[in-house]
Every structure is written in structure tokens, then in C-alpha cells.
Amino acid sequence: MEYALETRGLSKTYGRWRKVRALEPVDLAVSPGCVFGLLGANGAGKSTLVKTVLGICRATTGSARIFGRDWRDPAARRSVGYLPEGTHFARYLTGRAVLQYFGTLAGLRGEVLRNQIEQKLRLVGMSDWADKKVIKYSKGMRQRIGLAQAMLGDPRLLILDEPTDGVDPAGRHDIRDLIKKLGAEGVTIFLNSHLLSEVESVCAEIAILYQGRVLKQGAVMQIRQEMSIRDGLYQVRFRTGPLPQGVSLPGPIVPQDGSFLCGVRSPEEIPRWIDALRTAGVSVYGVEQHHASLEEAFLRLMDQGDYHNVGGRQ
């Protein structure tokens, strides 16, 4: 299979005398048309990985391929659009001039370039500000222009490093919708972020990076489900009123969001819980299996230092 992006043993060590290992050997395989999230705390090595893949940083070991082409081949990068973290543009340029400059670098000319600029400005909601100088832009507006320049030329692979950094809530919502739209159109998106809710809302597959090392790879739902049952328990939510004092139940319960969360070892134990609640005079309005959120799974991985691989190569 030809992957949109594939790395094998890719690593990066900085420093000649006092060496710092920023990125351990990493194996990733991103399928074409996938919205893939690289998730990790600040300093985990996300930006280093992207810069190494794009040749901005020289790799210490390993290799990468972009749509089957060697990463060092300039032709491989012609199919890539890139939004770096902390985008900066010349303050005297207007937003339109920024896109004109980068579009020309991308090989666009004439009517094609003009149409692309107008289209991308509309997509990121910057048409009304296109002829204002960048110095007058907020951080979120600069980020939108950065996203527009990354989309010039309609790249097959879009690499976005913290795309909603500094963007207001409405803007984040718009960018998430745009990412989903591009993904539905078959564009491969590689998204770097430390915002778990953002990754969970748009990505089908993720890799979790911690201190330069991949802790887990796989589908978002697969990772959430595994972390939900890692201790051999099903987490079940009972929506009830307040529990009476001194009620004896088959196991521990935890109040959560107006309901109660309890752990049972198998679905067959659920009727016993329901019977115990009814005996105590508590009405049960519903029962549902609880799956860990991506945030819960992420925090558990950080605590456990779990290096097991899910659904990917390690």
C-alpha cells in the first residue's frame, strides 16, 4: 500500500557535544485520505517530527516517504501544504500579498493564482481583511492566513502544526469544520495538537507522542475502548436520584454529572446492580456502557508509561 506519509525509525538528536534526543525512532503510516492526529504535550517532539519529515531539520536516523516518494526528493514535497506552529509574516504585507507571495513560490500564476487566493480567503473567513496589513491582524487572524497559504495549490497532504493556536472559539469551530470538509474530499491531513478535544473531534486515527516516543497508535475509538476496559471492568453509568444514606451495593460507585459511575466485571453483573438499587428504593432511569474519553486515555497513558502499540507499527 502506498501511504500518504510513512516514517521508519525516524529520529532526531540535537547537539554535538551535549546531545539531546528530541525524537526517538518513530514508525508511522498515514493512509491516503485520513485525518490523522499527532497528539502530545508541549515539548513532546511533535514539531520536531514534522520538521524532520519536511527536511527542515536533518534526521539523525531513519527515513520517510511521501506518497511513495523519498522525503529528500523535492518532487515529494510539491504535494504537501504546511502550516508551521507560530506563523509569522512580514508586517508590511497584506493578507492578499502574503498569499500572492507563497502562491508564486508554489508555482501558481495568473488567473489560477488569483482564483486560488480568493477561494482560500473565503474558506478561512478572511475576505473582508484581505487588503489590511498583517501588522493589524490578531494572532488568530494570522493563523487563518497561514492556513490559507498552506492550502494554496490544493495539496494532497496538508500538515497543520497547532492550527487553532490563538484562534477564538468561533474560529476554532470554523477550522474544525474546514478540516472535516477537506478530509471528506479526500485530502490527507496530518494534524499536530496538544488539544485533546480538538483531535478527538476531527481525527479518525492518532498517535500519542510522549518525550519523543510513540506510546500508542491506532483508531481513536479503539484506544478509548481499550483504556476503558484495561482493568477488566465495564464502566456503567446509572442515571438516578440521590442515593439514600447507608445503602449497600455490590461495588463502589462514583457520583458524576448527576449520575453514578460504577465498575462491573461483565455485563452479566448489571442486573444484580439494578436489583440492589431497586431494593434500596432508588429508581434507575438508564444504563449505558461508559467509554473513556481521549483525555482520560491520554492521562492514563502518561501515568502508566505504556509503550504498547494499538493497530499500528512500533
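Taking G258 as meeting all but one of (1) more than 30 Å from G40 (Cβ to Cβ); (2) at pLDDT below 75; (3) surrounded by 13 or more Cβ atoms within 10 Å (Cβ to Cβ), write down the number of the exception.
(3)
Can you name the residue in the stretch 1-22 that is in a strand (DSSP E or B) and either loosely packed, with under 15 Cβ neighbours inside 10 Å or of a type in the set (D, E) (or both) and is also modelled with the lowest pLDDT among such residues?
V20
Quick check: anything in the stretch 39-58 surrounded by fewer than 20 Cβ atoms within 10 Å (Cβ to Cβ) and in contact with a His (Cβ under 8 Å, 6 or more places away or on another chain)?
Yes: one or more hits.
Return yes when I179 is within 18 Å of G37 (Cβ to Cβ), touching a strand residue (DSSP E or B) at 6+ places or on another chain (Cβ under 7 Å), in a helix (DSSP H, G or I) and modelled with pLDDT under 95 and no when it is not.
When the stated conditions are applied, I179 passes them.
Please go through the stretch 273-296 and give me each residue that is surrounded by 13 or more Cβ atoms within 10 Å (Cβ to Cβ), at pLDDT 75 or above and out of contact with any Leu (no Cβ under 8 Å at 6 or more places or on another chain), ordered by number.
I274, V287, listed by residue number.
Got at least one residue in the stretch 115-124 being free of Cβ contacts under 8 Å to residues at least 40 places away in the same chain, in a helix (DSSP H, G or I) and closer than 25 Å to A207 by Cα?
no
Go over the candidates S47, S11, S31 one by one and state the one that is farther than 19 Å from Y210 by Cα and either small (G, A, S) or in the same structural domain as E162 (by TED's automatic domain parsing) (or both).
S31
Can you go through V98, V202 and tell me which one is within 24 Å of L38 (Cα to Cα) and touching a residue at least 40 places away in the same chain (Cβ under 8 Å)?
V202
Looking only at the stretch 78-94, decide whether some residue is of a type outside the set (A, V, I, L, M, F, W, C), assigned by TED's automatic domain parsing to the domain that holds P155, farther than 30 Å from K132 by Cβ and part of a loop (DSSP other than H, G, I, E, B).
Here is the first cut: in the stretch 78-94, the ones of a type outside the set (A, V, I, L, M, F, W, C) are 78-79, 81-82, 84-88, 91-92, 94.
Retained after the next criterion (residues that are assigned by TED's automatic domain parsing to the domain that holds P155): 78-79, 81-82, 84-88, 91-92, 94.
Now restrict to residues that are farther than 30 Å from K132 by Cβ: 78-79.
Now restrict to residues that are part of a loop (DSSP other than H, G, I, E, B): 78-79.
Among the residues of the stretch 78-94, at least one is of a type outside the set (A, V, I, L, M, F, W, C), assigned by TED's automatic domain parsing to the domain that holds P155, farther than 30 Å from K132 by Cβ and part of a loop (DSSP other than H, G, I, E, B), which makes the answer yes.
Can you find, within the stretch 42-75, the residue that is farthest from L158 (Cα to Cα) among those that are in contact with a Phe, Trp or Tyr (Cβ under 7 Å, 6 or more places away or on another chain), outside any loop (DSSP other than H, G, I, E, B) and aliphatic (A, V, I, L, M)?
Of everything passing the filter in the stretch 42-75, A64 is farthest from L158 (Cα to Cα).
Any residue in the stretch 136-147 that's under 13 Å from I117 (Cα atoms) and assigned by TED's automatic domain parsing to the domain that holds G86: show its pairings with residues that are hydrophobic (A, V, I, L, M, F, W, C) and part of a helix (DSSP H, G or I) at Cβ separation under 6 Å, as long as the two are six or more apart or on different chains.
Going by the 6 Å Cβ cut-off, the qualifying pairs are I145/V98.
Could you tell me which residue of the stretch 133-170 is surrounded by the most Cβ atoms within 10 Å (Cβ to Cβ), considering only residues that are among the β-branched types (V, I, T) and assigned to a loop (DSSP other than H, G, I, E, B)?
By that ranking, first place goes to T164.
Quick one: in the stretch 182-200, of everything that is among the acidic types (D, E) and modelled with pLDDT under 90, which residue is farthest from Q143 (Cα to Cα)?
Top of the filtered list is E200.
Within the stretch 95-121, restricting attention to residues that are of a type in the set (A, V, I, L, M) and surrounded by 13 or more Cβ atoms within 10 Å (Cβ to Cβ), which residue is nearest to the chain's Cα centre (by Cα)?
Ranking the qualifying residues of the stretch 95-121, first place goes to L121.
The values are calculated or read from the model by the stated rules, or taken from the named source; none is laboratory data. All figures in this text were calculated on a predicted structure; none of them were measured in a lab. Glycine gets a Cβ as well: all are built from the backbone with ideal geometry, and neighbour counts include every protein chain shown.
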